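The values are calculated or read from the model by the stated rules, or taken from the named source; none is laboratory data. As the structure is a computational prediction, the values presented were derived from the model and not from experiment. Heads up, the Cβs are rebuilt from the backbone with ideal geometry, glycines too, and the neighbour counts pull from every protein chain shown. Only protein heavy atoms, including side chains, enter the accessible area calculation; ligands, DNA and RNA are left aside. Shrake-Rupley method; radii C 1.70, N 1.55, O 1.52, S 1.80 Å.
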Amino acid sequence: MHYNNLFLSTLFFFFFKQKTAYEMLRSLVGSEMCIRDSLDQRNPAGRSTTVDFLLNHPLLVALFAVYLVHFRVDRIIANIFSGCLGRCALRLGILEEEMDDTPARPHPACPSSAEFSSETIIERAKYIPVRLFHDERKYLRLIRSTLKVSSYTDKVDAVFANQSKHVKTKVTEIMAALSSLAIATNYQIGQQIIEDGSFGKHCKYFAAVLEVGRRYKIMNPEKMRDGYGKLIYILQDIAAPEVQEMLECECLRPIKSVYDTLVEAGADRMLADPEIAVATGEIVSGRKHRFQIDKEIKHKEAAVERLSKRYRSRSIDQEELRQCLYSIGDNNAYLAQFRTPVDKMMALLVQHFDPEQPEPGYELSIQQGAGGSRLSHQHTDQFNYVLQSLMLWREVMHDMFRMWYLAEADLLDPANPYSLENTGQGLQRMQQCPRTRQAVEDILAMVKDKCEWVGDQTVHLGDTNVPNALIFIDKYNQVPRILNPIIVTLEAIDTSLVKDPDILAYIQESFNGPDQLKKMILCDFFRLGFDGSGADNFFEAGSCIDGRLTSAWNWCSQLDQKPFYPIFKLAGFTGFDGDFQD
């Protein structure tokens, strides 16, 4: 320990020995002492004295680097030092190859400039929920806990001897759920509700609390995978006229969106501000160095601060404006996470397969009846069929927040009742989805304009395949779960797996090398993952819009039978579906 302190003392002396009282300003502390966003006005070359010192003392720099790695000094200090080294490397020309002035190719997951136009942002903001505030998170915890222990759908979605008993069961279970929420928040109100059943007096409270859960789910599709269905079905039953007659409690209110919040406060001009692109854009690391990413983060946060100060008023404070900006940023992050796998898979299809001249051994053609296939396509048709399916999935992912709003509008419309039907997978709530169906058909028409359509155009909604809009949303949220493990495995083949000599020898012996292995995996997925299989009959699978996802899931279920399954396991594959726990 004594030697450590001595080393730091010596290092501190040499590091600051040339500093004067004028240079040691309080404004130059922390990272600003080493990394400045602007050039030093006192230095004609724009070089700070710190950078000069580091360039002139390479041995001390090396010693300090060893000390940081060995003793794991605080992360902030390490980031400061890495920023200094990065600037030094730029000055010395070490990073010239990677850090040239040539405009970088946009990351496929990043929203394009067209998506940052004022008209596009305003339209998207209408369907972007506002992030939860701190005081709303206590309600979220209550909702999640209540839904976790609830067995509402098990008791309600069952066969009853008569309708009156069914309605009574609904009302009893709804009262139990709402009462538990009230007691957990305010014991006196909860006790009053239990004594006199006065749910109607607290409609606004219940509507506000349940809206928090819906808003959280849209912003976090991976969460509440089981609880959200219960929540929607409870709201669906509360809105039913026969239940309203007994409860006299309307618990439904619109999702709090960014657009509605800003319009209500008269701050919607912020959506057209040019700086909003910087304040809400997704920062993608790519080949960037740490100090560059830190700089982009600083610029982004500075833009958020400027915008929130510029448009604050008596109607909306700075913190609420920040939340609106962060919410738009969350939407951009969602697009990056959910669209990127589809973009990468389309790129792999185009890169490894020629639509006109198939490579021997890697032809995409399929024949009905062979290997469980329900379709017959020549190589070119199958190429186009896979490409248009991926394009359709991408557009649905891009428009998912709007689709979610429309789905809830269909599900919670009192004028659009459901019926319990046995779909072959148990009793399901079958309900027509006019708004969601129209949105899907609009996306389908847009994709058809971009390519020559192959296969069926049937959209299954409100039938035994997709009983309601909630099932539709859940099915398309699985697209990244299907594609991500495949992409991760393909990337691991080129990186971590080939670095291990034993694994590389296994790949060479069993698959004739990494390139052939990747083509084998892709060819198998593009053929058998899009062959119309996975259902009991052609109508439920085939080449219809829903059947394309069904056959992809069927391929996933058979992965353990593939010859390349050990490669997936070596790449860290654990499963496609993930965890249902919150």
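Leaving ligands, DNA and RNA out of it, report the carbon-plus-sulfur percent of the accessible area of the range 303-396 at a 1.4 Å probe.
That share works out to 44 percent.
Where in the range 551-573 does the amide nitrogen come within less than 19 Å of the point 7 Å from the Cα of residue 506, taken along Cα to Cβ? Label zone hits: 559-573. Between residue 351 and residue 310, the FRET efficiency from the beta-carbon distance, with R0 = 30 Å, is close to 0.10.
In Å², and per residue, what accessible area does the range 314-436 have when probed at 1.4 Å with the other protein chains present?
That works out to 42 Å² per residue.
Database remark: amide H of residue 160 closer than 5 angstrom to no amide H (H placed geometrically; neighbours at sequence offset of 5 or more, or on other chains; Pro and chain starts carry no H).
Taking 0.36 nm per residue of separation and subtracting the Cα-Cα distance, full extension of the segment from residue 297 to residue 222 would add 24.4 nm.
Length gained on full extension, residue 159 to residue 481: 112.5 nm, using 0.36 nm per residue less the C-alpha separation.
Listed cross-link partners 155/230; 223/518; 138/223 are compared with a 21 Å cut-off, the Cα-Cα value being larger for 223/518. Normalised per residue, the accessible area of the range 138-245 is 46 Å², obtained with a 1.4 Å probe and no contribution from ligands, DNA or RNA. Sort the range 134-225 into rounded, prolate or oblate with this rule: let a ≥ b ≥ c be the square roots of the eigenvalues of the Cα gyration tensor; rounded if a/c is under 1.5, and if a/c is not under 1.5, prolate when a/b is larger than b/c, oblate otherwise. It is oblate, given that a/c is not under 1.5 and a/b is not larger than b/c.
Pairs from the list 256/309; 519/569; 165/475 with a Cα-Cα gap above 25 Å: 165/475.
Carbon-plus-sulfur accessible fraction, the range 438-507 (probe radius 1.4 Å, protein heavy atoms only): 52%. Rounded to the nearest 0.05, the FRET efficiency derived from the C-beta distance between residue 186 and residue 240 at R0 = 35 Å is 0.80. Here the extension length gained between residue 453 and residue 402 equals 15.9 nm, from 0.36 nm per residue of separation less the Cα-Cα distance.
Label positions at residue 365 and residue 423, each projected 7 Å from the Cα along the C-beta direction, are separated by 3.7 nm. So, in Å, what gap is there between the alpha-carbon centers of the range 266-336 and the range 397-423? Computed from Cα coordinates, the inter-centre distance equals 32 Å.
Relative to the Cα centre, the charge distribution of the range 313-422, modelled as +1 at Lys and Arg Cβ and -1 at Asp and Glu Cβ, gives a dipole magnitude of about 120 debye.
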